[in-house]
Amino acid sequence: MIITDRWAGGTAASALILFFAAPVAAQTQADVAAAERRAEATVRAMTAAEKTVMTHGIMALPLTANSPPIPADAVPGAGYIPGIPRLGVPALRETDASLGVAYAGGLRKDNATALPSGLAMASSWNPALVEQGGRMIGAEARSKGYNVMLAGGVNLMRDPRNGRNFEYLGEDPLLAGTLVGHAIRGIQSNKIIATIKHLALNGQETGRHFADVRISEDNARESDLLAFELGLEIGAPGSVMCAYNRVNGEQACSSDWLLNRVLKQDWGFKGFVMSDWGAVPNIEAALKGLDQQSGEQLDTAVFFGDKLAQAASGSATWSRRLDDMNKRILTSIYASELDSNPAMPGGVIDYAANAKIAEEVARQGIVLLQNRGNALPLGKTARNILVIGGLATTGVLSGAGSSQVIGDGGPAASIPVGGTGPFAGFMNIVYHRSSPFAAIQAKAPDATVRFRNGRSLSEAAAAAKAADVVIVFANQWSGEGFDQADLSLPDGQDSLISAVADANRNTIVVLQTGGPVLMPWLEKTAAVVEAWFPGIRGGEAIASVLFGETNPSGRLPITFPSSEAHLPRPKLDGFAWLEPDFIGRKPVGAGPLPVDYDIEGSDLGYRWNARQGHKALFPFGFGLSYTTFETSDLKMDGMTASFTLRNTGNRDGTSVAQLYLTDTPVGQRQRLVAFERVGLSAGETRRISMMIEPRTVGEFESGNWVISKGKYSFALGANAEDLGKPVTLRLNRKVWR
Ligand code: BGC
């Protein structure tokens, strides 16, 4: 977001600002105010015809036979918005997305660096590292000539089966909002525009064009919208992408409530709202707050071209709105200096250095879930290591869809899954060129390391019997346009792990998944490592954790439920339309698809489990290390918490301090209110202090944030379920906007 003084005029607000850690926006208010003034001057100089040039554009890819030609000055990619050379306004050249420069349906042959998935990034709980990742992918985008990155996905995990969970940053608004803000800062440090998306409540792919999410304002503001609000404050992105789904009956891209009232009025957003590709229902969306129609060949008509010009010529309301649309787009262009400091194709990229950043993200994002009898790290004594399954000799798994990045030399494997929809040809299971098997071999030069592909259970089990240690790779592919039907590992991998663990209890499972899975074999296995989709150097990062060069420090940014029956929606809404086609349009004969998010309200994931008394398989915040940590002496001084953190083991390691609200005067509720990643050498003790984000303590009520007068309890947690002794704090009533 481009920030204005959001506290201005508030009286209660001024009291709060004293203890609110106001983030430093990447672009200052002065920059934005100056950009806005320039934008106004440019709008005044525009002809009527020029005013609809930037309000719409195409998907710059020859996807179908009737795709429009790609203009000469476009860079093939997700989107292109023409510029106005007469006024020195550059074209917008847009690329996906949050994990790196996407490969645009195979059209671009130049490689790009694939970061690990969003969930892997979020597992690091490390804003600085996520910012570094953003800086890296933004620099690649700029060097390829793009000046807009459609990166900044922050939809919260409301359903563990959502096919796009891997692109996002988990289930908690404070964690996800903070991290996305830093990712955006990193991207925009390259003088290009980043895009926070998809506003809002885009929680499942099934029926994504017609799912109608029902939620009260208060619940939305304390959860999904809070993640956006924090991301906008910290990152100040130039653009916001609205979502495909409906919210309370309106298309999100035509929601006056979301776009005009919350985003532009309440949050003071000065940049522009672009539609998702094929998400514009009609021209009225402009009055509801949409500023730009993207990927227009996917909509039923070009609403923001001639039709908009016509509307503006006959009405002062439409004409004012059109000026405002232009002003907003230009404000972001000027604030990021797209005109004076243009991105040009042909920049030099140091892929080797960038791969190191991707590897570091993977190392910090891998989560050690189980480690019986210190089965890990693998010592030098293992002589006979058997690796099974997961295409581990080939590479590491990637998530699919518009965010797909292809690295150096093309994919290690690209396996078509088939299908009949228009996008079926793009449905390929892609593996990046980073073989975990080769990386394991490299770490164990004195051992015999063998591989079985795991297609035969009996053969894998027989081989497992003869090994000192077995490492099973188990994969759950996921991607845009489809959800998981359930939380089992696909293709019989649960049975494979079970059979192997029956044959050899020294079985280590390495998961590459797009979200949580159930683990019916958990009790039989020695260790479990969640590697997510670990990016272009994922194999090396996995081996580094297995052999203890990296002491695991990842913590889950999502809950792994112990049963689908515990979910607010045990069965996915629209299950019958799970895979109508890749783009999730309404199948003929399908009725409306209401999705009731008021069931859990703002209590997603661990919050829901706490409310219902459910125990997770692995809770939010969970993650083991090869050392141990202890926290003590929690003290609350207003909204600052301080405590002692000790590394009680004999290895250096990194812990993530997590502070939870556990009780309030208006009822019991659990919320992550502060966190910090802290590295400590063996035996080291440190006093840490953390600031609490007041919006995680307060409630949203009738348009205001409210902290009620009374007693609040806070506890440090090793994770959301393993909480220390609570400390209480008396707070006075505060109301602010
Ligand atoms: C996705 C967006 C993406 C856009 C452009 C849409 O299908 O939902 O996240 O940025 O396509 O590729």
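The values are calculated or read from the model by the stated rules, or taken from the named source; none is laboratory data. It should be emphasised that the depicted structure is a prediction, and the values quoted were computed from it without experimental measurement. Glycine also receives a Cβ, built like all others from the backbone with ideal geometry; neighbour counts cover every protein chain displayed. Quick note on the areas: whole protein, heavy atoms, side chains included, nothing else; ligands and nucleic acids left out. Shrake-Rupley method; radii C 1.70, N 1.55, O 1.52, S 1.80 Å.
Details
- The number of residues in the range 399-409 being open to solvent by 10 Å² or more (accessible area, probe 1.4 Å) and of a type in the set (Ser, Thr, Tyr) comes to 1.
- Residue that is nearest to Gly425 (Cα to Cα), among those in the range 84-111 that are aliphatic (A, V, I, L, M) and under 19 Å from the mean Cα position of the chain (by Cα): Ala102
- Residue check for Asp159: touching a residue at least 60 places away in the same chain (Cβ under 8 Å), more than 16 Å from the ligand (Cβ to nearest atom) and part of a strand (DSSP E or B): no
- Filtering Asp218, Asp212 for residues that are away from the ligand (no atom under 16 Å from the Cβ) and touching a Phe, Trp or Tyr at 6+ places or on another chain (Cβ under 7 Å) leaves a single hit, Asp218.
- Within the range 58-80, considering residues that are under 15 Å from Met344 (Cα atoms) and in a loop (DSSP other than H, G, I, E, B), the one farthest from the ligand (Cβ to nearest atom): Ala72
- Pairs where the first residue, in the range 463-486, is part of a loop (DSSP other than H, G, I, E, B) and the second is of a type in the set (Val, Ile, Thr), C-beta under 7 Å, 6+ apart: Ala467/Ile385; Asp468/Ile385; Trp477/Ile429; Gly481/Ile583; Asp483/Thr206
- Residues within the range 479-498 that are surrounded by fewer than 17 Cβ atoms within 10 Å (Cβ to Cβ) and on the phi > 0 side of the Ramachandran plot, tallied: 2
- Any hit, the range 162-178, residues being of a type in the set (Lys, Arg), buried (at least 24 other Cβ atoms within 10 Å of the Cβ) and part of a helix (DSSP H, G or I): no
- Exactly one residue among Ala104, Ala141 is among the small types (Gly, Ala, Ser) and modelled with pLDDT of 95 or more, and that residue is Ala141.
- Condition check for Gly548: assigned to a helix (DSSP H, G or I), at pLDDT 95 or above and touching a Pro at 6+ places or on another chain (Cβ under 7 Å): no
Rundown of residues vs (1) more than 13 Å from the ligand (Cβ to nearest atom); (2) of a type in the set (S, T, N, Q), yes/no style:
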position: Pro82; (1), (2): yes, no
position: Pro85; (1), (2): yes, no
position: Asp96; (1), (2): no, no
position: Leu119; (1), (2): yes, no
position: Ser123; (1), (2): yes, yes
position: Leu129; (1), (2): yes, no
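- Candidates Val510, Val469: the one that is out of contact with any helix residue (DSSP H, G or I) (no Cβ under 7 Å at 6 or more places or on another chain) and either within 18 Å of Val387 (Cα to Cα) or open to solvent by less than 20 Å² (accessible area, probe 1.4 Å) (or both) is Val469.
- The set of residues in the range 364-397 that are small (Gly, Ala, Ser) and either under 28 Å from the mean Cα position of the chain (by Cα) or open to solvent by 50 Å² or more (accessible area, probe 1.4 Å) (or both) comprises Gly365, Gly373, Gly389, Gly390, Ala392, Gly395.
- Only listed residue being in contact (Cβ under 8 Å) with a residue 60 or more places away in the chain, within 21 Å of Leu199 (Cβ to Cβ) and either assigned to a helix (DSSP H, G or I) or more than 16 Å from the ligand (Cβ to nearest atom) (or both), chosen from Leu322, Leu263: Leu263
- A residue that is open to solvent by 40 Å² or more (accessible area, probe 1.4 Å), free of Cβ contacts under 8 Å to residues at least 40 places away in the same chain, more than 18 Å from Gly605 (Cα to Cα) and not aliphatic (A, V, I, L, M) cannot be found anywhere in the range 689-700.
- The one condition in (1) at pLDDT 95 or above; (2) closer than 17 Å to Val280 by Cβ; (3) within 15 Å of the ligand (Cβ to nearest atom) that Glu250 fails to fulfil: (3)
Per-residue answers, yes or no, for (1) buried (at least 19 other Cβ atoms within 10 Å of the Cβ); (2) touching a residue at least 40 places away in the same chain (Cβ under 8 Å); (3) within 16 Å of the ligand (Cβ to nearest atom):
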| position | (1), (2), (3) |
| --- | --- |
| Leu556 | yes, yes, no |
| Phe560 | yes, yes, no |
| Ala576 | no, no, no |
| Phe629 | no, yes, no |
| Asp637 | no, no, no |
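- When Val89, Val130 are checked against the criterion of being outside the structural domain of Val678 (by TED's automatic domain parsing) and either closer than 30 Å to Ser553 by Cα or in contact with a Lys or Arg (Cβ under 6 Å, 6 or more places away or on another chain) (or both), Val130 stands alone in meeting it.
- Residue within the range 529-542 that is open to solvent by less than 30 Å² (accessible area, probe 1.4 Å), over 18 Å from Phe437 (Cβ atoms) and either part of a loop (DSSP other than H, G, I, E, B) or in contact (Cβ under 8 Å) with a residue 60 or more places away in the chain (or both) present: yes
- Reported count of residues in the range 464-522, each being more than 21 Å from Val545 (Cα to Cα) and within 16 Å of the ligand (Cβ to nearest atom), is 6.
- Meets criteria (under 12 Å from the mean Cα position of the chain (by Cα) and either more than 29 Å from Leu487 (Cα to Cα) or not small (Gly, Ala, Ser) (or both)) for Leu226: no
- Qualifying residue in the range 629-649 (condition: under 30 Å from Gly249 (Cβ atoms) and acidic (Asp, Glu)): no
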